[in-house]
Number of protein chains: 2
Amino acid sequence: MEEPKSYHMTPEEFRRHGRAVVDWVADYMERVESLPVLSRVRPGEVRSMLPSDPPEHGEPFEAVLADVERVILPGITHWQSPNFFAFFPANASGPSILGELLSAGLGVQGMLWATSPACTELETHVLDWMAQMTELPSAFRSTGTGGGAIQDSASGAALCALVAARERATASASNERGCDGRLTAYASTQAHSSIEKAVKLAGLGRANLRLIAADERFAMRPEALEEAIARDAAAGLTPCFVAATVGTTSSNGMDPLPAIGEICKRRGLWLHVDGAMAGTAALCPEFRPLFRGLELADSYCFNPHKWMFTNFDCDCFYVADRRALITALSILPEYLRNAATESGAVIDYRDWQVSLGRRFRALKLWFVIRHYGVEGLRHHVRRHVALAQEFAGWVREEPRFELAVEPPLNLVCFRHRGGDAANQALLDALNESGALYLTHAKLDGKLTLRMSIGQTHTGRRHVEAAWGRIRRAADELGRS
Amino acid sequence: MEEPKSYHMTPEEFRRHGRAVVDWVADYMERVESLPVLSRVRPGEVRSMLPSDPPEHGEPFEAVLADVERVILPGITHWQSPNFFAFFPANASGPSILGELLSAGLGVQGMLWATSPACTELETHVLDWMAQMTELPSAFRSTGTGGGAIQDSASGAALCALVAARERATASASNERGCDGRLTAYASTQAHSSIEKAVKLAGLGRANLRLIAADERFAMRPEALEEAIARDAAAGLTPCFVAATVGTTSSNGMDPLPAIGEICKRRGLWLHVDGAMAGTAALCPEFRPLFRGLELADSYCFNPHKWMFTNFDCDCFYVADRRALITALSILPEYLRNAATESGAVIDYRDWQVSLGRRFRALKLWFVIRHYGVEGLRHHVRRHVALAQEFAGWVREEPRFELAVEPPLNLVCFRHRGGDAANQALLDALNESGALYLTHAKLDGKLTLRMSIGQTHTGRRHVEAAWGRIRRAADELGRS
């Protein structure tokens, strides 16, 4: 019997349209530098260009691609522009994009080993590679007591770590009977918002998250941590979790892991280390001192989707004791039972994350590592750090500006000496120009500009041009 | 000053390698039917083909692609084979894959409206389209009190819904002071494991999830739900959340939403409806009666990444009251403050999900809707349902087999009359043949085979061939 009409795109059509999209992306790579970095559309403008009703009949692919150009592109803030210095980078690269394409084309689910063994095994393997490349403690490797998995983000990683900590502290009673409002968690005042979010999601309560004071370099004060834990323990509460950061978002502050880790070990708290952006620096031996003490951590994450040329989402999440994680997150309904799982010889990553389903994200990370080699990745990380240090030097020599803190890596926090209003005016003028995009933080209560250098193609001329524009904008400020 | 050496893939190289990957995927589409559906590798076999050390130097892209063929492909279980009848489908299509490619190429972050307005506005728009296409209650549209967002999965959606329910029931006290072990949640014995996982993650405790008895068609018994809620309320507990399912994983059971919704409204519980797979059926007016009562729900999700030709991840999550969700999930650190957010004129999707970061997933959904048109999507959904119904007819006429339940849509649950051992032997023989892939469930305590019809290219000849093999395997069973 003949199949009735099909609306599917045929493989031949896919070849043709696929080439058009590949070309579109290649063209985008070539021209992105010329586009205003921060989108200039007003709220509602993109939607106003879209038909209010969905199409009843299919449309030619060419029409869709034309609308990408007409409707979507003006509404894009160009994270892949070499003039993007905002937030932290979310850099990407050709091999990563093609790994994502291949993953979409294979369309497999990696929830169980059995649902696509290569999806699980390549992930385990590449995360062991990453542990080796960044010289992580041996417990974090699959050959040790722990291992790694790819999470969507550092937020997801923090939530999983916190839940594992919660269960370890309560001997699984929280999973069984619920939280009791007496578990406490700790992070510095500089920690990422994802820690607060995890504390709320996991039912600990924001009031049970202690924000520990930071020192003049925005690093957690371990003596303040110890005091807070002791106070809570004396009050009959159950301290269970500390989140330390290697490279905070506001200032790249570096929490002292050895001192924090010692406290956690002594008092039996779970130490999670968030190295979301800075973790990539551990590729280079000269930056590894920033990660000393990581052997005291129970979990750790960093994001190749920030600074390692791997498009979002790709967070490498490691635990030192995989049983603690799996105990906290496992579920096993009948419809997922299978011989491989029951043999115990395989990893089922559904028990390492919030969701059941998962894409084949290891492909893009594998493509990136093989394309660049460790040598190439190191080269570009060093280059970004060198550019940031050079930029910091220019700020030091310019009397109207000051550094908010000495930059340890590739984020330079600086400000105009004219106060918050001057810095806000500078920020607005620079971002409105379209020539670059910077964001801000508050450090010591003062509005501070953040020059975050990590986009794949950012080179010296982009950083130089940015500094020229910043100085010219300061000149304008003086005149107005 | 000249830039030093670069290891990046140039746009011209990207064009060339991109064509090779597009061709690889097109070739894969053409040959996937000829590959054994369930991978035959043994645990560790994929890893054994990978070098133990990461490459120090970059490798040619051609070498990587050759390893995809040599190392990865044998370890793939082919979810995109038309002979894949396991679990629920995770179907994909050309336009969706190209939408994912474009999203990776643009590489934007959609955490805030300001970080790429088109990413947020296209998502809002396409989710309104989906609400219109499936005739969802008006409160779920962005023009109403609620709205939609794309989640990674139904697991993520359930967690967000549960946390919103928890906060509504406790006037935000759980977020503030933590859970108190007295909140209770409800789902049927047939609900997906993601509900139990959410209850554990959110700190309610598994013992506070009541699994409500199902009737002979595997639908939740509303009178049992009411009794359980009343019992808990009388015991001084705080019933807060009911998860109902349209199309359970084991059997496609359909919970009676009008009765459940009435109970939830009367008693002030949050009703979340999980239509992960079956939700796509609402594209067709004839299947919409299955969704009656949805206007009583506080939240709802379904997955175009299951049955609507959109590669994972793409879960459409809707809430009737967006304030309840945002109140539960919002965080606003200084470094994310911006004028657009503070104007209140825009949506910031970071407050609709667990993670902060998010990819531009609306692109692939937009591409799919525009490629197929509503007409094309309806056509293929109807075709899958018709094939399943035809298959069920064959089972009915075959004396050695029986239906476990009448199939409402595209999942047929059936079994050999010879008991569990016979069905296990059948399942193993069929899956080992490589010609098709089926999974199982336990229904009424009996091992049951699931014929789940929804892969993009599954046509009558695949279903016929599967039935032929099933009968021949039963013949073999008789002889052995």
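The values are calculated or read from the model by the stated rules, or taken from the named source; none is laboratory data. Model, not experiment: these values are computed from the prediction. Cβ coordinates were reconstructed from backbone atoms using ideal geometry, including for glycine residues, and neighbour counts include every protein chain displayed.
Touching a Lys or Arg at 6+ places or on another chain (Cβ under 9 Å), acidic (Asp, Glu), over 20 Å from B:LEU269 (Cα atoms) and touching a residue at least 60 places away in the same chain (Cβ under 8 Å) - does that describe any residue in the range B:146-161?
Yes, there is a match, as at least one residue in the range B:146-161 is touching a Lys or Arg at 6+ places or on another chain (Cβ under 9 Å), acidic (Asp, Glu), over 20 Å from B:LEU269 (Cα atoms) and touching a residue at least 60 places away in the same chain (Cβ under 8 Å).
Please tell me if B:GLY105 is surrounded by 24 or more Cβ atoms within 10 Å (Cβ to Cβ), farther than 15 Å from B:ALA149 by Cα and without any contact (Cβ under 8 Å) to a residue 60 or more places away in the chain.
The answer is yes for B:GLY105.
Within the range A:331-346, can you find the residues that are part of a loop (DSSP other than H, G, I, E, B) and either touching a Cys at 6+ places or on another chain (Cβ under 6 Å) or more than 9 Å from chain B (Cβ to nearest Cβ) (or both)?
A:GLY344, the sole residue that qualifies.
Collect the residues in the range B:1-30 that are farther than 16 Å from B:GLY94 by Cβ and charged (D, E, K, R), keeping them in residue-number order.
Result: B:GLU2, B:GLU3, B:LYS5, B:GLU12, B:GLU13, B:ARG15, B:ARG16.
At least 1 residues that are closer than 27 Å to A:PHE317 by Cα in each: list the strands (runs of 3 or more DSSP E) lying fully within the range A:362-460 that qualify.
Answer list for the range A:362-460: A:411-416, A:439-443, A:446-452.
Could you tell me whether any residue of the range B:346-361 is farther than 30 Å from A:GLU69 by Cα and hydrophobic (A, V, I, L, M, F, W, C)?
The answer is yes, given that some residue of the range B:346-361 is farther than 30 Å from A:GLU69 by Cα and hydrophobic (A, V, I, L, M, F, W, C).
Just checking, which of B:PRO89, B:PRO95 is touching a residue at least 60 places away in the same chain (Cβ under 8 Å), surrounded by 22 or more Cβ atoms within 10 Å (Cβ to Cβ), more than 7 Å from chain A (Cβ to nearest Cβ) and not aliphatic (A, V, I, L, M)?
After ruling out the rest, the residue left standing is B:PRO89.
I'd like to check something: does the range B:174-193 contain any residue that is small (Gly, Ala, Ser), within 26 Å of B:ARG361 (Cα to Cα) and modelled with pLDDT of 95 or more?
yes
Where the second residue is part of a loop (DSSP other than H, G, I, E, B) and the first is over 15 Å from B:LEU122 (Cβ atoms) and lies in the range A:50-62, which pairs have Cβ atoms under 8 Å and are six or more apart or on separate chains?
Note: pairs meeting the criteria are A:GLY58/A:TYR7; A:PHE61/A:MET9.
Out of the residues in the range A:344-354 meeting the condition of being out of contact with any strand residue (DSSP E or B) (no Cβ under 8 Å at 6 or more places or on another chain) and at pLDDT 85 or above, tell me which one is surrounded by the fewest Cβ atoms within 10 Å (Cβ to Cβ).
A:ALA345
Okay, residues lined up against (1) among the hydrophobic types (A, V, I, L, M, F, W, C); (2) touching a Ser or Thr at 6+ places or on another chain (Cβ under 8 Å):
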| site | (1), (2) |
| --- | --- |
| B:ALA20 | yes, no |
| B:PRO51 | no, no |
| B:PHE61 | yes, no |
| B:PHE85 | yes, yes |
| B:ALA90 | yes, no |
| B:LEU98 | yes, no |
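Given the conditions (1) touching a helix residue (DSSP H, G or I) at 6+ places or on another chain (Cβ under 6 Å); (2) buried (at least 24 other Cβ atoms within 10 Å of the Cβ), and given that A:ASP298 satisfies all but one, which numbered condition is not satisfied?
For A:ASP298, the exception is condition (1).
When you check A:LEU325 against the structure, is it farther than 25 Å from A:PRO256 by Cβ, part of a helix (DSSP H, G or I) and assigned by TED's automatic domain parsing to the domain that holds A:ALA244, yes or no?
yes
For the range B:454-474, check the following and say yes or no: at least one residue is surrounded by 18 or more Cβ atoms within 10 Å (Cβ to Cβ) and under 16 Å from B:ASN252 (Cα atoms).
Looking through the range B:454-474, at least one residue is surrounded by 18 or more Cβ atoms within 10 Å (Cβ to Cβ) and under 16 Å from B:ASN252 (Cα atoms).
Run down A:GLU262, A:GLU196, A:GLU226 and say which single residue is acidic (Asp, Glu) and either more than 27 Å from A:LEU409 (Cα to Cα) or at pLDDT below 95 (or both).
A:GLU226
Tell me, please, whether a residue that is crowded, with 18+ Cβ neighbours inside 10 Å, part of a helix (DSSP H, G or I) and at the interface with chain A (Cβ under 10 Å from one of its Cβ atoms) can be found in the range B:178-193.
Looking for residues that are crowded, with 18+ Cβ neighbours inside 10 Å, part of a helix (DSSP H, G or I) and at the interface with chain A (Cβ under 10 Å from one of its Cβ atoms), one finds at least one in the range B:178-193, hence yes.
For the range A:211-269, name all the residues that are assigned to a loop (DSSP other than H, G, I, E, B), among the aromatic types (Phe, Trp, Tyr) and surrounded by 24 or more Cβ atoms within 10 Å (Cβ to Cβ).
Residues satisfying the conditions do not exist here.
Residues that are within 22 Å of A:ALA340 (Cα to Cα), surrounded by 15 or more Cβ atoms within 10 Å (Cβ to Cβ) and without any contact (Cβ under 8 Å) to a residue 40 or more places away in the chain: does the range B:16-38 have at least one?
Checked the range B:16-38: no residue is within 22 Å of A:ALA340 (Cα to Cα), surrounded by 15 or more Cβ atoms within 10 Å (Cβ to Cβ) and without any contact (Cβ under 8 Å) to a residue 40 or more places away in the chain.
Looking only at the range B:102-158, which residues are more than 8 Å from chain A (Cβ to nearest Cβ), over 22 Å from the mean Cα position of the chain (by Cα) and part of a helix (DSSP H, G or I)?
B:SER138, B:ALA139 - these are the residues of the range B:102-158 that are more than 8 Å from chain A (Cβ to nearest Cβ), over 22 Å from the mean Cα position of the chain (by Cα) and part of a helix (DSSP H, G or I).
Can you tell me how many residues within the range A:159-174 are within 8 Å of another protein chain (Cβ to nearest Cβ) and within 14 Å of A:ASP351 (Cα to Cα)?
Within the range A:159-174, residues that are within 8 Å of another protein chain (Cβ to nearest Cβ) and within 14 Å of A:ASP351 (Cα to Cα) number 2.
Checking the condition more than 30 Å from B:ARG361 (Cβ to Cβ) and either touching a Pro at 6+ places or on another chain (Cβ under 9 Å) or surrounded by fewer than 24 Cβ atoms within 10 Å (Cβ to Cβ) (or both), which residue from A:GLU196, A:GLU167 passes?
A:GLU167
If the Cβ limit is 7 Å and pairs must be 6+ apart or interchain, which residue in the range A:201-220 that is closer than 13 Å to A:ALA191 by Cα pairs with which residue that is of a type in the set (Asp, Glu)?
A:LEU209/A:GLU196; A:ALA219/A:ASP255; A:MET220/A:ASP255
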